[in-house]
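The values are calculated or read from the model by the stated rules, or taken from the named source; none is laboratory data. On a predicted model such as this, the values are computed, not experimentally measured, just so you know. Glycine also receives a Cβ, built like all others from the backbone with ideal geometry; neighbour counts cover every protein chain displayed. Surface accessibility is based on the protein's heavy atoms, side chains included, excluding ligands, DNA and RNA. Shrake-Rupley method; radii C 1.70, N 1.55, O 1.52, S 1.80 Å.
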Amino acid sequence: MDSSESKNDALGAVIESYKSKPGSLLTVLQQAQKIFGWLSHRTMRRVADGLDLPAAQVESVASYYSFFHLEPRGETVIRVCASAPCHIGGADRVFAALEETLGIRIGETTKDMKFSLLRCDCLGICDRAPAVLIGEEVFGPLTAEEVPELISRYR
Ligand code: FES
């Protein structure tokens, strides 16, 4: 079984276990995103069919919440805090080092689909400014000089 087949099977199992539970759309979309890494139109249509909901409703819920990704994301998402304390602490230099190390600009994904680089608001760890979230791990205070070594741990 190839990996897209097993992902499709996993989504089928999620839909099956939630289809008779009203109000489960958000949960199913979250699970679908966990399986595929993002929500394609195809995935959303499948969720709509499976939960017997209008496709437009599923798409509008997915577009409303910022934690849903409607475009492919890299395996590892890097978020750099751009709120005031981190900005003052040197977030721009960290951004520049990340862009150079990864060879992409803010908002882009590397060609090998390993990394996406995003700007975000306060991560709630302002005492560690400038702060960066890599996957689910928090780093900070981070300097531009530390970036290449840090990224090499995720390659
Ligand atoms: S301002 Fe960056 S973590 Fe709060």
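Does residue 55 count as away from the ligand (no atom under 16 Å from the Cβ), among the small types (Gly, Ala, Ser) and within 30 Å of residue 23 (Cβ to Cβ)?
Yes; evaluated as a whole, the condition is true for this residue.
Among the residues of the range 58-83, write down those that are within 16 Å of the ligand (Cβ to nearest atom) and in contact with a helix residue (DSSP H, G or I) (Cβ under 9 Å, 6 or more places away or on another chain).
Selection gives 78, 80, 81, 82, 83.
Quick one: count up the residues across the range 119-145 that are in a helix (DSSP H, G or I) and surrounded by 15 or more Cβ atoms within 10 Å (Cβ to Cβ).
Count: 3.
Only one residue in 66, 116 is in a loop (DSSP other than H, G, I, E, B), within 11 Å of the chain's Cα centre (by Cα) and among the polar types (S, T, N, Q), so which one is that?
Every option except 66 fails the conditions.
For the range 84-104, does any single residue satisfy the condition of being more than 14 Å from the ligand (Cβ to nearest atom), closer than 25 Å to residue 26 by Cα and open to solvent by less than 60 Å² (accessible area, probe 1.4 Å)?
No, that holds for no residue.
Looking at 89, 50, can you tell me which residue is in contact with a helix residue (DSSP H, G or I) (Cβ under 7 Å, 6 or more places away or on another chain) and farther than 16 Å from residue 116 by Cα?
Going through 89, 50 in turn, just one is in contact with a helix residue (DSSP H, G or I) (Cβ under 7 Å, 6 or more places away or on another chain) and farther than 16 Å from residue 116 by Cα: 50.
Only residues in the range 75-101 that are outside any loop (DSSP other than H, G, I, E, B) and of a type in the set (D, E, K, R) count as the first member; pair them with residues that are open to solvent by 10 Å² or more (accessible area, probe 1.4 Å) and within 11 Å of the ligand (Cβ to nearest atom), Cβ under 6 angstrom, at least 6 apart or cross-chain, and list the lot.
79/120; 79/133
List pairs: first residue in the range 47-64 and without any contact (Cβ under 8 Å) to a residue 40 or more places away in the chain, second residue of a type in the set (Phe, Trp, Tyr) and not in a helix (DSSP H, G or I) anywhere in the structure, Cβ distance under 7 angstrom, at least six positions apart or on different chains.
62/68
Being out of contact with any Phe, Trp or Tyr (no Cβ under 6 Å at 6 or more places or on another chain) and more than 29 Å from residue 14 (Cα to Cα) narrows it down to one residue among 51, 98, 102; which is it?
That would be 98, the only listed residue that is out of contact with any Phe, Trp or Tyr (no Cβ under 6 Å at 6 or more places or on another chain) and more than 29 Å from residue 14 (Cα to Cα).
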